[in-house]
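The values are calculated or read from the model by the stated rules, or taken from the named source; none is laboratory data. Computed from a predicted structure; not experimentally measured. Note: ideal-geometry Cβ built from the backbone for every residue, glycine included; neighbour counts use all protein chains shown. Only protein heavy atoms, including side chains, enter the accessible area calculation; ligands, DNA and RNA are left aside. Shrake-Rupley method; radii C 1.70, N 1.55, O 1.52, S 1.80 Å.
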Protein chains: 2
Amino acid sequence: MERKIGVVGSSIIGENCSVILTDQNAKRKLASRYQDSLLADVIPFWLRHGIDREHGGYITALNRDGTVIDTDKSIWFQGRGAWMFATLYNTVEKRTEWLEAARSGIEFLRCHGSDSDGKLYFTVTRDGKPLRMRRYVYSESFASIANATYSRAANDDRAESDALRYFANYLRYSFDGDLIPAKIDPSTRGTRGIGPLMITIATAQELRVNLGDRMVNDRTCTEWIDWAIETIERYFVKADLGVVMETVGLNGEIIDHFDGRLLNPGHAIECAWFIMHEGKLRNDQRLIGLGLRMLDWMWSRGWDEEYGGLFYFRDLRNLPIQEYWHDMKFWWPHCEAIIATSLAWSLTKDDRYAGWHELVHDWSFKNFPDAEHGEWYGYLHRDGRISSQLKGNMWKGPFHLPRMLWYCWKLLSDDTPVSCQVNCLKSGGARD
Amino acid sequence: MERKIGVVGSSIIGENCSVILTDQNAKRKLASRYQDSLLADVIPFWLRHGIDREHGGYITALNRDGTVIDTDKSIWFQGRGAWMFATLYNTVEKRTEWLEAARSGIEFLRCHGSDSDGKLYFTVTRDGKPLRMRRYVYSESFASIANATYSRAANDDRAESDALRYFANYLRYSFDGDLIPAKIDPSTRGTRGIGPLMITIATAQELRVNLGDRMVNDRTCTEWIDWAIETIERYFVKADLGVVMETVGLNGEIIDHFDGRLLNPGHAIECAWFIMHEGKLRNDQRLIGLGLRMLDWMWSRGWDEEYGGLFYFRDLRNLPIQEYWHDMKFWWPHCEAIIATSLAWSLTKDDRYAGWHELVHDWSFKNFPDAEHGEWYGYLHRDGRISSQLKGNMWKGPFHLPRMLWYCWKLLSDDTPVSCQVNCLKSGGARD
């Protein structure tokens, strides 16, 4: 399965020739490029530098050349990394090093992930001592998909029950009343965020593909997905304004303050492809249409016509933004837009999406990859100049980039995890 | 006292001719420039756009032309603004509009600043409904100096007792055990920050100059200043490394992780001038020397030799920094460095400080002022290009910039608030 491509990065990653999806040969070439980048550059980089051979789990705070510059561990990334490695094992090839890498994250989570109440930390020390507990529960969602995927890879019953338990906790904290204390006094200004809903979709999709359409807190995974999509559509998708909001009032009203107007195009585009993916699995044109509209609006709000690339934040009314890094170009929105545009094209064969894919693919592969040490820089200035040489930190690690490379490789090879998911929907789960 | 200078900003603010302190004529010209900028541009901008004539208090979230873009109010700025306006009233001229502006912030704080336990919020709505309560207590320190200064301006006894009470609360929350829950689990990694200590110095200095050297929580203001300076010197000032740390371990040890290595040159330079100012008041060469060393080290770490201006963050070991805006140029570190370098020059007559002052003054007055609408932009890219057209938000308002203009005007006119403070030290307070 592995293709030998010589020096990591130099010939494949930094290559800068435009490739458009509408050309069949080019499509195959593109699939190979994603595959090569994944298997010969990005995954080896994290296996080489990111696995803690002494204490287990992953260290993601790496300098350009992979040197560890902070040994503290992100609990998000114990889950995200384990999900990625186990997914490769399940869908690409039964490589022992991938299974072992996944196990390392899973076991670190088991030993050091949670406090005495079972709530997962945000960061811990290298040897697992607690550092920071946050109010919200994305550590739980990532631990859930990690355990679901690992349970299928290793046929591990504890991982299966942990996956279900973490998802149940995620849902309970995210949507049951006041378990997460609000930052903004809810008696003055009630708010809803899109984040917990979109992560519900992605988490439930991963549980379903790996464990079957299981019941969690009185709904099946598919029912949770339906509920989350309906809620997003009802409150956050604003056809009159041509926008997907990040934060709204309790009844979906626009909150005309800094935080209420703040748009995150990359985040909304990620949500759009979760919904398109669901529409594809179900052959549901309504869902596909919803995801396409969300992509259309947020591409048009997020794409930088002057320098290329996707802005991090935009304001609903194009007013100045309070967050300092609003015009920077981060790796992850570009990864999500590469997935969304290629999926949109594959679902519609509309040249417009092939054109957008070409734009975001070319801009990303021109600016983010490090031709010398492999992997991608994460943080660029608006014009594509490197702001930080970090390869990873508490928010960047083996997730958005390898997930994009894996998803697009499979999608463009017509050998997609989607076909597996269709089977899961029909059979009630890969492990049954 | 007011000098008429025609169109706001155009002739004075944007003027870009280098002025060096060592030239006596130039020094007078510079003092006038700071005065004009303060009295004909910056203060009028905030009086015109920032006073809420309906609900009282200040709205700081302003677009380039002064248009309000978020009506939510910063509680920090009710204190900071009231301090600035009352200070002008006390030290420049008894203008009714300044006293009324100060009263507006003080009364808003009285009516809407605090929760039922008396702890001050971080933000409230325009009409004073609670939005956000934060763990830390800088709202209290700014409310304290506002009330101290206003009590002197208006001869207001409630303001005097509020000033003392807010400072007492500030000290109690900041230094008495566990009143502020730690972000990082203290059983794993105990940390100390320089912020609460340096704000103790500045707050106690303002209380002393306005109310006399009063006793607060078993120490006089001067004793609190001594304690804070000693603690900073013991734990944060590292002669062997030539650095002032922001965060250290409980015994001053370097925490070799992202957050522990993070240096904030503008913040440390602000602390340096608080200490130099104290040394000047007491004619204490040891304190002056300490402040000068802190300035020397942090100038050398913070000044951008390539593009000019002061970096926002630096890493102790020049490793990549996790904060996205690390290389941006914010207005406030430049204001603090203009004060620190002019104060250092006035104390030493060392040409090096005049040269640094010239560098930071010229870079700031070239890049930050808005020649069309007045006041300063706050957020520039590394090379000086404007990142955001905001004139204010929850962190930028009538404080760092007018404080710098006022302080440097007075300092270079040899008509300084310092002489007043010396009297206060001797007499036991301006109101006695």
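For the range A:115-125, putting each phi into the Karplus relation 6.51 cos²θ - 1.76 cosθ + 1.60 with θ = phi - 60° gives couplings of 7, 5, 8, x, 7, 7, 6, 9, 9, 9, 6 Hz, in residue order, rounded to whole numbers and with x for Gly and Pro.
Take the Cβ atoms of B:Ala182 and B:Glu372, set R0 to 56 Å, and the FRET efficiency comes out at 0.75. Quick one: Cα centre-to-centre distance for the range A:186-261 and the range B:348-406, in angstrom? Computed from Cα coordinates, the inter-centre distance equals 42 Å. Look at the stretch A:56-68: the mean tally of other chain Cβ atoms within 10 Å of its residues' Cβ atoms is 1. Expressed as a whole percent, the proportion of Cα-Cα pairs in the range B:118-264 lying more than 24 Å apart is 39%.
Using the Cβ-Cβ distance between B:Arg293 and A:Glu253 with R0 set to 56 Å, the FRET efficiency works out to roughly 0.55.
On a 29 Å Cα-Cα criterion, which of the cross-link pairs A:Lys29/A:Lys396; A:Lys94/A:Lys366; B:Lys349/B:Lys391; A:Lys94/A:Lys280 come out too long? Among A:Lys29/A:Lys396; A:Lys94/A:Lys366; B:Lys349/B:Lys391; A:Lys94/A:Lys280, the Cα-Cα distance tops 29 Å for A:Lys94/A:Lys366; B:Lys349/B:Lys391. Which of rounded, prolate or oblate describes chain B when judged by the alpha-carbon gyration tensor and an a/c cut-off of 1.5? Judged from the Cα gyration tensor, chain B comes out rounded (a/c under 1.5).
Rounded to a whole number, what % of the accessible area of the protein assembly as shown do carbon and sulfur atoms account for, probe 1.4 Å? Solvent-exposed carbon and sulfur of the protein assembly as shown make up 46 percent of the total.
Amide H to amide H distances under 5 Å link A:Thr123 with A:Ile75, A:Leu131, A:Arg132, where only residues 5 or more positions off or on other chains count and H is placed in the peptide plane. Under the simplified labelling scheme, the B:Arg135-B:Arg352 pair shows an inter-label distance of 3.9 nm, with each label point 7 Å from Cα along Cα→Cβ. Amide H contacts under 5 Å for A:Val216: A:Cys221, restricted to partners 5 or more places along the chain or on a different chain, H placed in the peptide plane at 1.01 Å from N. Sorted largest first by accessible area at a 1.4 angstrom probe radius, with every protein chain in place, the residues A:Thr123, B:Thr191 fall in the order B:Thr191, A:Thr123.
Scanning chain A for the beta carbon that comes closest to the axis linking it by rotation to B yields A:Trp325, 3, distance in whole angstrom. Placing pseudo-labels 7 Å out from each Cα toward the beta carbon at A:Leu47 and A:Glu100 gives an inter-label distance of 1.0 nm. Looking at chain B, the accessible area is 35 square angstrom per residue; that uses a 1.4 Å probe and ignores ligands, DNA and RNA.
With viscosity 1.002 mPa s and temperature 20 °C, the Kirkwood radius over alpha carbon pairs of the protein assembly as shown converts through Stokes-Einstein to a diffusion coefficient of 74 µm²/s.
Averaged over the residues of A:322-330, the number of partner chain Cβ atoms lying within 10 Å of the residue Cβ comes to 5.
Return the single residue from A:Gly252, A:Gly118, A:Gly212 with maximal mean-square fluctuation; model: Gaussian network over chain A, springs between Cα atoms under 10 Å. Highest fluctuation among the options: A:Gly118.
Here's how it looks for B:Leu62: its modeled amide H is under 5 Å from those of B:Ile69, B:Lys391, B:Gly392, B:Asn393, which are all 5 or more places away or on a different chain. Two tests apply to each whole DSSP H helix in chain A, Cα reach of 20 Å or more along its axis and mean Kyte-Doolittle hydropathy of at least -1.0, and the ones passing both are A:75-91, A:96-112, A:138-154, A:157-175, A:195-211, A:221-235, A:265-282, A:285-302, A:331-348. Residues B:Asp157, A:Asp350, B:Asp259 ordered from highest to lowest accessible area at a 1.4 Å probe: B:Asp157, B:Asp259, A:Asp350. Springs between Cα atoms under 10 Å define the GNM used for chain A, and in it the highest mean-square fluctuation of A:Ser387, A:Ser139, A:Ser32 occurs at A:Ser387. Shielding value for A:189-195 is 1, the average number of Cβ atoms from other chains within 10 Å of each residue's Cβ.
Modelled this way, with points 7 Å down the Cα-to-C-beta line, the labels at A:Ser116 and B:Lys238 are 3.5 nm from one another.
Residues of the range A:111-139 that bury at least 40 Å² of accessible area once all protein chains are present, compared with their chain alone (1.4 Å probe, heavy atoms only, ligands and nucleic acids left out), are A:Pro130, A:Leu131, A:Arg132. Nearest 100 Å² is fine: what is the total accessible surface buried where chains B and A meet, probe 1.4 Å? Rounded to the nearest hundred, the buried surface is 3500 Å². At q = 0.18 Å⁻¹, what base-10 log of I(q)/I(0) does the Debye formula yield for the range A:30-162 when every alpha carbon is treated as an equal point scatterer in vacuo? Here the Debye-derived log intensity ratios amount to -0.96.
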